[in-house]
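S.K.: Sending over a structure as structure tokens; questions will come in a sec.
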């Protein structure tokens, strides 16, 4: 019992006994038997977290939400990261499954990655996907992206802007299309609005290129709505380089309400997406499904509230 507590870092072992155990471990070259340990800890809630997202700010909030919820539930997390914004290889996902996780949470955009989903489904692993839409056999936790983008666009039109630029997010994510649909829905309700669209991928770098494209137009927009804060921060950077006053000469708004929204000057007006709560809710729902032992069925959606946060990057025309 003493040796077990010492090896696993549990309390109740004196410093002399712990030192003796550590010395014996080193002398014998002992390593724990993962297979045997999994039998002992089979009752533990072990969840895999799979992520690969170009926005460090979004992932910071996402992982914080997951960690905090896991802590309250006593869950053990195993992280798997895709490199350079790509999904992890199927072999890596299979390795995660083999480690004994009982469910998996997918950060966007992996909740809509066919390769990742196919591997997890073959293992019949319970799934929760944050920011995803209509994923068969998975719990989807998100906001109403279409409504949020509609409301933000109405704010811009209400300020008198009639030349609007919009920067799309990752084309492989349903949320990107939903935000564009919401943008157009608001535009159609107004008179005399001219729109210009540029493609991004939610990264700061893509926002720089998109901003250059929009501002190089013969008649550039007076307001730019970027599909996330990283790209909106990039627009502000390009505007500063061109000596354009924000918001005096160019209004800029974002989406997510992550740290870039308050670390650029001026701070961004943006859509607040409760990323931490989305991640925590996903873990909670996944834990409940695992505990029930019942299959999810086709799909299950949970939609959380959003809000428009007004800061200093917007002004009337």
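S.K.: Cβ contacts < 6 Å: first residue within 13 Å of residue 306 (Cα to Cα), restricted to the range 132-151; second residue surrounded by fewer than 17 Cβ atoms within 10 Å (Cβ to Cβ) and at pLDDT 95 or above, any location; separation 6+ or different chain. Result?
M.R.: 143/304; 144/303; 146/181; 150/185; 151/308
S.K.: Which residues, counting only those in the range 86-109, are closer than 19 Å to residue 171 by Cα and surrounded by fewer than 18 Cβ atoms within 10 Å (Cβ to Cβ)?
M.R.: Selection gives 86 alone.
S.K.: Those residues that are at pLDDT 95 or above and within 21 Å of residue 141 (Cα to Cα), I need them from the range 82-101; list them, please.
M.R.: Passing the criteria: only 101.
S.K.: Just wondering, is there one or more residues in the range 171-186 that are surrounded by fewer than 16 Cβ atoms within 10 Å (Cβ to Cβ) and either over 29 Å from the mean Cα position of the chain (by Cα) or within 16 Å of residue 313 (Cα to Cα) (or both)?
M.R.: For the range 171-186, residues surrounded by fewer than 16 Cβ atoms within 10 Å (Cβ to Cβ) and either over 29 Å from the mean Cα position of the chain (by Cα) or within 16 Å of residue 313 (Cα to Cα) (or both): absent.
Quick grid of which residues meet (1) over 30 Å from residue 169 (Cα atoms); (2) part of a helix (DSSP H, G or I); (3) at pLDDT 80 or above:
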position	(1), (2), (3)
5	yes, yes, no
11	yes, no, no
20	yes, yes, yes
31	yes, no, no
38	yes, yes, no
58	no, yes, yes
61	no, yes, yes
64	no, yes, yes
70	no, yes, yes
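S.K.: Taking residue 239 and the conditions (1) surrounded by 16 or more Cβ atoms within 10 Å (Cβ to Cβ); (2) more than 26 Å from the chain's Cα centre (by Cα); (3) on the phi > 0 side of the Ramachandran plot, which numbered condition does it fall short on, given that it satisfies the others?
M.R.: Answer for residue 239: the failing condition is (3).
S.K.: Output the number of residues of the range 207-218 satisfying the condition of being free of Cβ contacts under 8 Å to residues at least 24 places away in the same chain, closer than 24 Å to residue 173 by Cα and more than 23 Å from the chain's Cα centre (by Cα).
M.R.: Number of matching residues: 1.
S.K.: Before we move on, is residue 192 in the same structural domain as residue 161 (by TED's automatic domain parsing), touching a residue at least 12 places away in the same chain (Cβ under 8 Å), out of contact with any strand residue (DSSP E or B) (no Cβ under 9 Å at 6 or more places or on another chain) and not in a helix (DSSP H, G or I)?
M.R.: On the way: in the same structural domain as residue 161 (by TED's automatic domain parsing): yes; touching a residue at least 12 places away in the same chain (Cβ under 8 Å): yes; out of contact with any strand residue (DSSP E or B) (no Cβ under 9 Å at 6 or more places or on another chain): yes; not in a helix (DSSP H, G or I): yes.
Yes.
S.K.: With touching a residue at least 12 places away in the same chain (Cβ under 8 Å), under 19 Å from residue 293 (Cβ atoms) and not assigned by TED's automatic domain parsing to the domain that holds residue 186 as the only criterion, which of 110, 127, 106, 117 stands out? Steps first, answer last, please.
M.R.: On the way: 110 fails: under 19 Å from residue 293 (Cβ atoms); 106 fails: under 19 Å from residue 293 (Cβ atoms); 117 fails: under 19 Å from residue 293 (Cβ atoms).
Answer to the selection: 127.
S.K.: Regarding the range 112-125, can at least one residue be identified that is under 21 Å from residue 53 (Cα atoms) and not in a helix (DSSP H, G or I)?
M.R.: Here is the first cut: in the range 112-125, the ones under 21 Å from residue 53 (Cα atoms) are 112-120.
Then drop every residue that is not not in a helix (DSSP H, G or I), which leaves 113.
So far as the range 112-125 goes, yes, one or more of its residues are under 21 Å from residue 53 (Cα atoms) and not in a helix (DSSP H, G or I).
S.K.: Pick out the one residue from 141, 135 that is under 22 Å from residue 293 (Cα atoms), touching a helix residue (DSSP H, G or I) at 6+ places or on another chain (Cβ under 9 Å) and buried (at least 23 other Cβ atoms within 10 Å of the Cβ).
M.R.: Numbers: 135 fails: buried (at least 23 other Cβ atoms within 10 Å of the Cβ).
Going through 141, 135 in turn, the sole match is 141.
S.K.: Suppose we keep only residues that are surrounded by fewer than 17 Cβ atoms within 10 Å (Cβ to Cβ) and in contact with a helix residue (DSSP H, G or I) (Cβ under 7 Å, 6 or more places away or on another chain) within the range 197-218. Which one would you say is nearest to residue 152 (Cα to Cα)?
M.R.: Checking each candidate, the answer is 199.
The values are calculated or read from the model by the stated rules, or taken from the named source; none is laboratory data. This one's a predicted model, so the numbers in the text were calculated from it and none came from an experiment. When we count neighbours, we look across all protein chains shown, and the Cβ atoms used for this are built from the backbone with ideal geometry, even at glycine.
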